[in-house]
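Single-structure report; data block below.
The values are calculated or read from the model by the stated rules, or taken from the named source; none is laboratory data. Predicted model, so just to flag it, every value in this text is computed and none were measured. FYI the Cβ positions are ideal-geometry reconstructions off the backbone, even for glycines, and counts take in every protein chain you see. Accessible surface areas use protein heavy atoms only, side chains included; no ligands, DNA or RNA. Shrake-Rupley method; radii C 1.70, N 1.55, O 1.52, S 1.80 Å.
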Amino acid sequence: ANILGSPVGTNATPNYSDLSFKLDFANGKAGKFSIFGIGGTSDIEFLAEELDENDLFADPNRDSRAESNLGILGVKHNIILDERTYVRTVVAASTAQSDFDESDLLDNGRTFPVTRIRDVNDRYTLSSYLNRKFNAKLSLRTGILVEYFNLSTQVDDGEPDWETVRDFDGGLTLYQAFAQSKYKFNEKWVLNAGIHGQFLDFNDTYAVEPRVAMIYNFARNQKLSI
């Protein structure tokens, strides 16, 4: 970028690549299945010897490198129970990893590591809901979401001596359930109402929340939501 005649940004160049796919299978008596996935990797280096005075993202006395990786794989299933009811279920697994390293440049030309960050987040998810349309005015959706997180996160600081700032390695599960209804009074007024609950087993805490929204379609392609 160029602001007021001065270049703004960085000389560092990110490297990245990704691949995604989705496979759909024919709809049969057991329902319709889809398999999907995405994977990606990226990294960038901020090297002091390659920087100039206009660089906003790096320290001229320090080398740093960031790297991240992502992977997702899942299966989606949709089955029609009758002309007014269907069930949709998704099972998925994902991993997200990020590394960050910083080193100071010493007068003798060597480098001294000052920061090291290692984070890994693995997640396993089960999501399923049932959708039922009773008539032209009223429909209901109810479902669950279960997520298991396996976390490995660590931050080490080397200034002035190595010290572990953050270190956690463990798992936790978040359970969620909901029910929501949609009632269409007429072409202009629509009411959405429901309830949502969640429970976290890491510290045995829970929350139950009502949800409500009123939608007023007062003109073509225009609406007001509260």
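Details
- Scanning the stretch 184-222 for residues that are within 30 Å of D169 (Cβ to Cβ), open to solvent by less than 90 Å² (accessible area, probe 1.4 Å) and assigned to a strand (DSSP E or B) returns G197, Q198, F199, L200, T205, A207.
- Of all the listed residues (T142, T85), the sole one being open to solvent by 50 Å² or more (accessible area, probe 1.4 Å), closer than 30 Å to A179 by Cβ and either at pLDDT 95 or above or out of contact with any strand residue (DSSP E or B) (no Cβ under 9 Å at 6 or more places or on another chain) (or both) is T142.
- Options S225, S128; residue that is surrounded by 15 or more Cβ atoms within 10 Å (Cβ to Cβ) and either out of contact with any helix residue (DSSP H, G or I) (no Cβ under 7 Å at 6 or more places or on another chain) or farther than 29 Å from N78 by Cα (or both): S128
- Scanning the stretch 127-186 for residues that are over 25 Å from A92 (Cα atoms) and polar (S, T, N, Q) yields N135, S139, Q154, T164, S181, N186.
- Within this structure, N150 passes the test of being open to solvent by 40 Å² or more (accessible area, probe 1.4 Å), over 30 Å from Y216 (Cα atoms), touching a Gly at 6+ places or on another chain (Cβ under 6 Å) and among the polar types (S, T, N, Q).
- V190 satisfies every condition listed in (1) without any contact (Cβ under 8 Å) to a residue 40 or more places away in the chain; (2) under 26 Å from the mean Cα position of the chain (by Cα) except (2).
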